[in-house]
Amino acid sequence: MSDQSSSRPLSPHIQIYRWTLTMMLSILHRATGIALYAGSALLAWWLMATASGPEAYALVRDISGSWIGRLVLFGYSWALFHHMFGGVRHFIWDTGRGFDLKHVELIARSTAIAPLLLTGLAWVLGYMYLGTWS
Amino acid sequence: MSEMRTPLSRVRGLGSAKKGTEHFWLQRVTALANIPLTLFLVGALVVHAGADHATMAAFLGNPVVGVVMLLLVLSTCWHMRLGLQVVIEDYIHGEATKLAALVANNFFALIIGVACALAVLKLVVSQ
């Protein structure tokens, strides 16, 4: 920690404040960004395996098709949609709009809900297509 | 009051910095490009859920798909490099550690980008 005396007052940190949706979304935007950064290794693995041949691809398919693989991919897809909508929110702010409390809250709620709906839709469609290949 | 800046410098409005807005701007440009590109990727993965190797290789080997995938790799890797750079600069304060983290960030993004690009190129060329 710092060299300063511990008796000096500190500015309050996040645990002091009441949690708000906007605060949570701000943190989630960064968290999903970091998760997607790590997840890019999975994208590289999938592409490299497909380019390498049927054996390497079969391993990716088996692991991603397992329950833990599906769980990771489910989280991955939600993180992707969440970060995408968080980005759109920032685009709206970049134009100078949507800063009044009413719109901040409305955009925040949409940003929280829309990714959940799209993730659900993607997985429902995915399971429908899964039946066509196997 | 005397004006020390050149007229061109004032018109550009970048202050004293040479690349003051470059990071901000490129993060936005890549973010915008990422929207259609990642929607394409998610859609492609959804319709190929559980597909065998031949089907997947044939799909990724299509030149049009290859172009989209290469753009996706370029845009997302650039975007994630810029994004993590900000995270590192926010949380890592030791100069040596920060420098090492920033270099590692560049290496990681480049390795992922080159690996993905090479795989896509191989799939397209060997089609």
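So which chymotrypsin sites (Phe, Trp or Tyr not before Pro) in the range A:5-73 end up in coil per DSSP with only 12 or fewer other C-beta atoms within 10 Å? If you can, show how the numbers build up before the last one.
Values: sites: A:17, A:19, A:37, A:45, A:46, A:57, A:67; in loops: A:17, A:19.
For chymotrypsin sites (Phe, Trp or Tyr not before Pro) across the range A:5-73 that sit outside H, G, I, E and B with at most 12 neighbouring Cβ atoms in 10 Å, the list reads A:17, A:19.
Relative to the longest principal axis of chain A, what angle (0 to 90°, nearest 10) does the C-alpha long axis of helix A:21-52 take?
20 degrees
Would you calculate the separation in nanometres between label points at residue A:128 and residue B:52, each defined as 7 Å from the Cα along the Cα-to-beta-carbon direction?
2.5 nm
Once you charge only the Cβ atoms, +1 for Lys and Arg and -1 for Asp and Glu, what is the size of the charge dipole of the protein assembly as shown about its Cα centre, to the nearest 20 debye? Let's see the in-between values first.
On the way: 18 positive and 12 negative charges, 121 e Å.
About 580 debye.
Taking only Cα atoms, what is the 0 to 90° angle, nearest 10, from helix A:67-94's long axis to the longest principal axis of chain A?
Value to nearest ten degrees: 50.
Which value, in debye to the nearest 20, gives the size of the charge dipole of chain A about its Cα centre, when Lys and Arg are +1 and Asp and Glu are -1 at the Cβ? Walk me through the intermediate numbers first.
Numbers: 9 positive and 6 negative charges, 71 e Å.
It works out to roughly 340 debye.
What net charge do the residues around residue A:70 carry, taking every other residue with its C-beta under 13 Å from that of residue A:70, with Lys and Arg at +1 and Asp and Glu at -1? Walk me through the intermediate numbers first.
Numbers: positive: A:61; negative: A:62.
Cβ neighbours under 13 Å give a net charge of 0.
So what is the 222 nm mean residue ellipticity for chain B from helices alone, if each DSSP H run of at least 4 adds -39500 (n - 2.57) and you divide by all residues, rounding to the nearest 500 deg cm²/dmol?
Values: 5 runs with 101 residues, N = 127.
After summing the helix terms and dividing by the residues of chain B, the value is -27500 deg cm²/dmol.
Specify the angular offset, from 0 to 90 degrees and rounded to the nearest 10, of the alpha carbon long axis of helix A:54-65 from the longest principal axis of the alpha carbons in chain A.
That helix lies at roughly 50 degrees to the long axis.
Report the Cα centroid-to-centroid distance between the range A:96-134 and the range A:71-85 in angstrom, as an integer.
Going from one Cα centre to the other spans 10 Å.
Please order B:98, A:102 by the number of other Cβ within 10 Å, starting at the fewest.
Working: B:98 14, A:102 8.
Neighbour counts put them in this order, fewest first: A:102, B:98.
Could you give the C-alpha radius of gyration of the protein assembly as shown expressed as a fraction of 2.2 N^0.38 Å, taking N as the number of residues it contains?
Values: Rg = 21.9 Å, N = 261, 2.2 N^0.38 = 18.2 Å.
That ratio works out to 1.20.
State, to one decimal in nm, how far the label point of residue B:87 lies from the label point of residue A:93, with both points 7 Å from Cα in the Cβ direction.
Each label point is offset 7 Å from its Cα along the Cβ direction, giving 1.8 nm.
No lab work stands behind these numbers, since they all come straight from the coordinates. Just so we're clear, the structure is a prediction, and the values are computed from it rather than from any experiment. Counting neighbours? That spans all protein chains shown, and the Cβs are built from the backbone with ideal geometry, glycine included.
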